Amino acid sequence: MVETDPGPKKPHNCDVKDEHQLNGPGSKTVDLGVVPSLKTSAKCDPEKAPNSEKADFERAIELTGYGRFHYLLLAVCGLVSTSEEMDVISMSFILPSAQCDLNLTTQTKGWLNSIIFIGMMVGAYAWGSVADSVGRKRVLIAISVVNGLAIVASSFSQNYELFMLFRFINGAALGGSGPVIWSYFAEFQPKKKRGAMLSFMAAFWTLGNLFVAGLAWVIIPSEIGGTTGGFVYNSWRIFLLVMSLPSFLVAALLFLLPESPKFLISTGRHEAALEVFRGIYLMNTGRSKEEYPVKQLLVDVPVRAKPEKQLEEKEPKSKMRRMLSDIMENSKQLFVPPILKFTTISITINFTFHIGYYGLMMWFPEMFNRFDEWSRASGGAEADICAVTAYVTQRGSHSAGALCDAHIRSDVFMDSLITVAAAIPSNIFAVLGMDRLGRKFFLVFATFSAGFCSAAMYFVYNKTNNLIVSAIFSSVISCGNASLDCLITEVFPTNLRATGVAVSMVAARLGGIIGNVVIAALLDTYCPAPTFIVAVLLAGGGLMCLFLPNTTRQALQ
């Protein structure tokens, strides 16, 4: 237990205990040099004390109030999530239009869908580990800039190989965005509001899907752009260019926000954390920083944390070595008890969940396009998904020798827009009920419902049925995504949070890769398999959450 920046001593209701009784195996008492001869530590309940000069993190963040700062934080972090989802899902809208420019087959479309996940799998661990070492904010700014530049470069790419390269770089940047932004946002939230606010931020994924579908509907069918001397810059490339704008906006807005106080505390910078609390208090209440009631922080300091004075005495040349040492240490801690259990389960859930989420969601526009092609060719005759696929691959636009047609009817994009809009009610339900019904309820309900929808796709017999089932799937899987993000973010301790979430995200991206490649391989060769495989994995993975601890309305570790 550590006390920092002590103010005038006042009586309070505290039990003084020996430091060996007070500190558990994961923490130690650190003398910051501000309290002479610190032999014992006071274990206090700040909420019962007659004054608020001493507080732990949860009480300190509560005393800042809840207002303008948190809404600004939600807007900026939400825009990061929106930007991430726009970049990931945009490829599904590009594929039907880019198939002629890039000479795409069903298999190469699968790899184009997957390459961003391969990049995200590489980037998630690297960025997440760095964020647990050097801080959340700086990493998020770097990620946003790299991401925006990679998207711009991909829009100018004229061949499949170069396009794949820049999409990989795009994915490597995006890989860090998810684990870091969720850790960053959660570490500003009081426990009573954390579930609702994390669910609220998850709703920005739906907003990203809506933006992508709406912009695709407006831009891609318009056939704007042109060709100059063999250089093609057509509508789907302009659509990609527009996708880069949120990343640059996010990088600028992040400069307005402070570093996570929870991260600062975990690395021993307690006075810096107090200054962040004072700034939040000023913005939320309009009162001066001096009126913020907390003068001392009571914290369980992880063994790895160093007091500020010791941090300042380190030589600059050792910073990189310290960072790499922290990254390796964090990684090792994830795979030893008791954290090993959380790591294993979170990896399994993320892997199975994202096989379904991205494995199907990324293919919806393609399937809408195939149903639309069948409907026009057959005069609206009924057929299931396998009959439609057989027609398209054997006699339609994907058959050998067929002329490539890059024109996609606007109805396809409207169907996609309806599908992602269906997630809005479920996101509202998640925001209102996440802290009441709990993370596990939402995750089990969503995975079983989404699994049922996946199996039902085999039995649809026209484009309207396909649209209805796809919309229900989108709705429930979005609800599950919100609960999964909450649960995985909360289950890891602060000093391992970004790394733990990052490792889970690596599994999620691997699920996205396998989902897209397998669906691409099986869709045209053994049609019934993909929907039933996804159904079983979703339902089975969702049940794994029952083995994780309850984090609803609990303090962050």
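The values are calculated or read from the model by the stated rules, or taken from the named source; none is laboratory data. Here the structure is a predicted model, which is why all the values come from computation and not from measurement. Note that each Cβ is placed from the backbone with ideal geometry, even for glycine, and that neighbours are counted across all protein chains shown. Please note that ligands, DNA and RNA were not included when accessible areas were found on the heavy atoms of the full protein model with its side chains. Shrake-Rupley method; radii C 1.70, N 1.55, O 1.52, S 1.80 Å.
A simple count of charges around L174, restricted to other residues whose Cβ falls under 11 Å of its Cβ and scoring Lys, Arg +1 and Asp, Glu -1, yields -1. For the pair Y71 and L249 in one chain, pulling the backbone fully straight at 0.36 nm per residue adds 62.4 nm over the alpha carbon distance. Rolling a 1.4 Å probe over the protein heavy atoms of the stretch 355-500, with every protein chain left in place, gives an accessible area that is 64 percent carbon and sulfur. The phi-based Karplus calculation (6.51 cos²θ - 1.76 cosθ + 1.60; θ = phi - 60°) puts the 3J(HN,Hα) values of the stretch 260-274 at 4, x, 5, 5, 4, 5, 5, 9, x, 8, 6, 5, 5, 5, 4 Hz, whole numbers, x for Gly and Pro.
Could you calculate the contour length gain from A272 to M328, that is, 0.36 nm times the residue separation minus the distance between their Cα atoms, to one decimal place in nm?
Details: separation 56, 0.36 × 56 = 20.16 nm, distance 2.55 nm.
Stretched out fully, the A272 to M328 stretch lengthens by 17.6 nm.
When Rg and the Kirkwood radius Rh are both evaluated on Cα atoms of the stretch 415-557, their ratio Rg/Rh stands at 1.00. Cross-link pairs exceeding 26 Å between alpha carbons, from the set K192/K295; K109/K332; K54/K262: K109/K332. Each Lys or Arg adds one and each Asp or Glu takes one away; over the other residues whose Cβ falls under 11 Å from the Cβ of V412, this sums to -2.
Would you mind working out the accessible area per residue for the stretch 341-393, using a 1.4 Å probe, and quoting it in Å²? Please list the in-between numbers first.
Details: 1450 Å² over 53 residues.
Per residue, the stretch 341-393 has an accessible area of 27 Å².
Using Cα pairs under 8 angstrom and six or more residues apart, how large is the relative contact order of the stretch 408-557, in percent? Relative CO of the stretch 408-557 lands at 36 percent.
Please identify the chymotrypsin sites (Phe, Trp or Tyr not before Pro) of the stretch 443-549 that satisfy two criteria: DSSP loop assignment and at most 10 other Cβ atoms within 10 Å. Which are they? All intermediate terms of the calculation are to be shown ahead of the outcome.
Numbers: sites: F445, F448, F452, Y458, F459, Y461, F473, Y526, F532, F547; in loops: Y461, Y526.
The qualifying sites are Y526.
Computed across the stretch 43-166, the Kirkwood hydrodynamic radius from all distinct Cα-Cα pairs reaches 18.1 Å.
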